[in-house]
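**Student:** Here it is, the structure in full.
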Amino acid sequence: MNLELIEALHDLEKERGIEFSILIEAIEAALISAYKKNFGTLQNVRVVFDRETGEIKVYSRKTIVEEAIDSRAEIALNEARKIDPRYELNDIVETEVTPRNFGRIAAQTAKQVVVQRIREAERDLIYDEFSNREGDIVTGIVQRFENRMVFIDLGKVEAILSSNEQMPGEQYTQGKRIKTYIIEVKKTTKGPQILVSRTHPGLLKRLFELEVPEIHEGVVEIKSVSREAGSRSKIAVYSKNDNVDSVGSCVGPKGLRVQAIVDELMGEKIDIVKWNSDPIKFVANALSPAKVIFVETLQEEKIAKVVVPDYQLSLAIGKEGQNARLAAKLTGWKIDIKSESQVETRLDELGTEEEN
């Protein structure tokens, strides 16, 4: 058994990357606990695992004192010198105390340690794999539900989709395949904990990167994303190549590319707008599908004053202010929208005030 164990430990080192010496040290530590559990907890012992033969020996360790009070941990100087006359006070006397049936206990203990170390190594590998994928998309299968949380099977590990990362109104049925965005990977005593999201703006960005070859190749760049998950999103894109239509690339032939993303996000509306380094043009684009007549920017306050045709005002603002809110997030500018008639009325009022 012992030689087989040594061979097995060497195989583990090659296959799993668990160092042989670390396994031996872990087994020795576990064997000390096993010995104390079975043969006396107060004994001070040392376990030696022969690295060549696999032979296991247990040695009791007693400190040399003038007069022994606790015979399990101490030995009198005169008794020690009967064993070896060179012993001095505070030296340690070791005596082999390997029990006859210790081989069976040792084999059981070694197996438990090896299994535990394999589990730890596998957990570490999974953690390393997924910690490098924070900010990436993973596809998994809805496995189970617990306290409003959805657990998604990723193959090697489960991911957690908490209630505040779930899309409003989306149904998560067992066995359903869904794409999620990894927001965080935590290392816990029970293994890696992977937290995912369906609402994060990064999910939309990564879906476009997967669906649009021009983005993946770097020809088209995603400059910013604003999202109200399950309802509506805006994404600003740009290409340095004047011959490339950045918006058209994302829409795809007959709208197939963007439609695939809309389907994945359960019908979420997506506005694709052209990014521009000029904030006036960018703000006007961001308010799409509304048409903009005029934009004035106040640089210090970072406010953009926008004028739209009267019939476009409600479209520019959007339902409950959603369009304007998403455009503001997308551009980083506070947006103040007025209709033509509102501006004209205000100008008339100012003119009247000046006359008076």
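**Student:** With respect to the numbered conditions (1) closer than 25 Å to residue 20 by Cα; (2) modelled with pLDDT of 85 or more; (3) of a type in the set (S, T, N, Q), which one is the sole condition not fulfilled by residue 108?
**Tutor:** The single condition residue 108 does not satisfy is (2).
**Student:** Looking at residue 32, is it part of a helix (DSSP H, G or I), assigned by TED's automatic domain parsing to the domain that holds residue 103 and surrounded by 13 or more Cβ atoms within 10 Å (Cβ to Cβ)?
**Tutor:** The answer is yes for residue 32.
**Student:** Condition test on residue 69, is it in a loop (DSSP other than H, G, I, E, B), assigned by TED's automatic domain parsing to the domain that holds residue 19 and hydrophobic (A, V, I, L, M, F, W, C)?
**Tutor:** yes
**Student:** Within the bounds of the range 72-86, is there any residue that is of a type in the set (Val, Ile, Thr), at pLDDT 85 or above and either in the same structural domain as residue 113 (by TED's automatic domain parsing) or in a helix (DSSP H, G or I) (or both)?
**Tutor:** Yes, the range 72-86 contains a residue that is of a type in the set (Val, Ile, Thr), at pLDDT 85 or above and either in the same structural domain as residue 113 (by TED's automatic domain parsing) or in a helix (DSSP H, G or I) (or both).
**Student:** Right, another one. Taking only the range 1-39 into account, find how many residues are within 11 Å of residue 106 (Cα to Cα), among the hydrophobic types (A, V, I, L, M, F, W, C) and modelled with pLDDT of 80 or more.
**Tutor:** Of the residues in that region, 5 qualify.
**Student:** So, one more: All but one of (1) farther than 29 Å from residue 319 by Cβ; (2) assigned by TED's automatic domain parsing to the domain that holds residue 259; (3) assigned to a strand (DSSP E or B) hold for residue 182; state the number of the condition that does not hold.
**Tutor:** (2)
**Student:** I want to confirm something. Restricting to the range 156-201 and keeping residues that are surrounded by fewer than 13 Cβ atoms within 10 Å (Cβ to Cβ) and of a type in the set (Val, Ile, Thr), which single residue is nearest to the chain's Cα centre (by Cα)?
**Tutor:** Within the range 156-201, the match that is nearest to the chain's Cα centre (by Cα) is 188.
**Student:** Is at least one residue of the range 256-265 surrounded by fewer than 18 Cβ atoms within 10 Å (Cβ to Cβ) and not in a helix (DSSP H, G or I)?
**Tutor:** No, the range 256-265 has no match at all.
**Student:** Would you check which residues across the range 268-295 are of a type in the set (Asp, Glu) and free of Cβ contacts under 8 Å to residues at least 12 places away in the same chain and list them?
**Tutor:** Answer for the range 268-295, where residues must be of a type in the set (Asp, Glu) and free of Cβ contacts under 8 Å to residues at least 12 places away in the same chain: just 278.
**Student:** Another question, if that's okay. From 26, 80, 68, 76, grab the single residue that is closer than 30 Å to residue 121 by Cβ, buried (at least 16 other Cβ atoms within 10 Å of the Cβ) and either in contact with a strand residue (DSSP E or B) (Cβ under 9 Å, 6 or more places away or on another chain) or not polar (S, T, N, Q) (or both).
**Tutor:** Being closer than 30 Å to residue 121 by Cβ, buried (at least 16 other Cβ atoms within 10 Å of the Cβ) and either in contact with a strand residue (DSSP E or B) (Cβ under 9 Å, 6 or more places away or on another chain) or not polar (S, T, N, Q) (or both) holds for just one of 26, 80, 68, 76, which is 26.
**Student:** Just to verify a result, which residue in the range 187-201, among those that are among the charged types (D, E, K, R) and part of a loop (DSSP other than H, G, I, E, B), is nearest to residue 234 (Cα to Cα)?
**Tutor:** Step by step, filter the range 187-201, then rank; the result is 198.
**Student:** Follow-up question, since we're still on this one. Which of the residues belonging to the range 42-86 are closer than 30 Å to residue 5 by Cα and among the small types (Gly, Ala, Ser)?
**Tutor:** Scanning the range 42-86 gives 54, 60.
**Student:** I want to confirm something. Restricting to the range 266-277 and keeping residues that are farther than 12 Å from residue 246 by Cα and touching a helix residue (DSSP H, G or I) at 6+ places or on another chain (Cβ under 9 Å), which single residue is surrounded by the fewest Cβ atoms within 10 Å (Cβ to Cβ)?
**Tutor:** 269
**Student:** Just need a number here: residues in the range 299-336 that are among the β-branched types (Val, Ile, Thr), over 40 Å from the mean Cα position of the chain (by Cα) and within 19 Å of residue 271 (Cβ to Cβ).
**Tutor:** The total comes to 2.
The values are calculated or read from the model by the stated rules, or taken from the named source; none is laboratory data. Here the structure is a predicted model, which means the values were calculated and not measured. Counting neighbours? That spans all protein chains shown, and the Cβs are built from the backbone with ideal geometry, glycine included.
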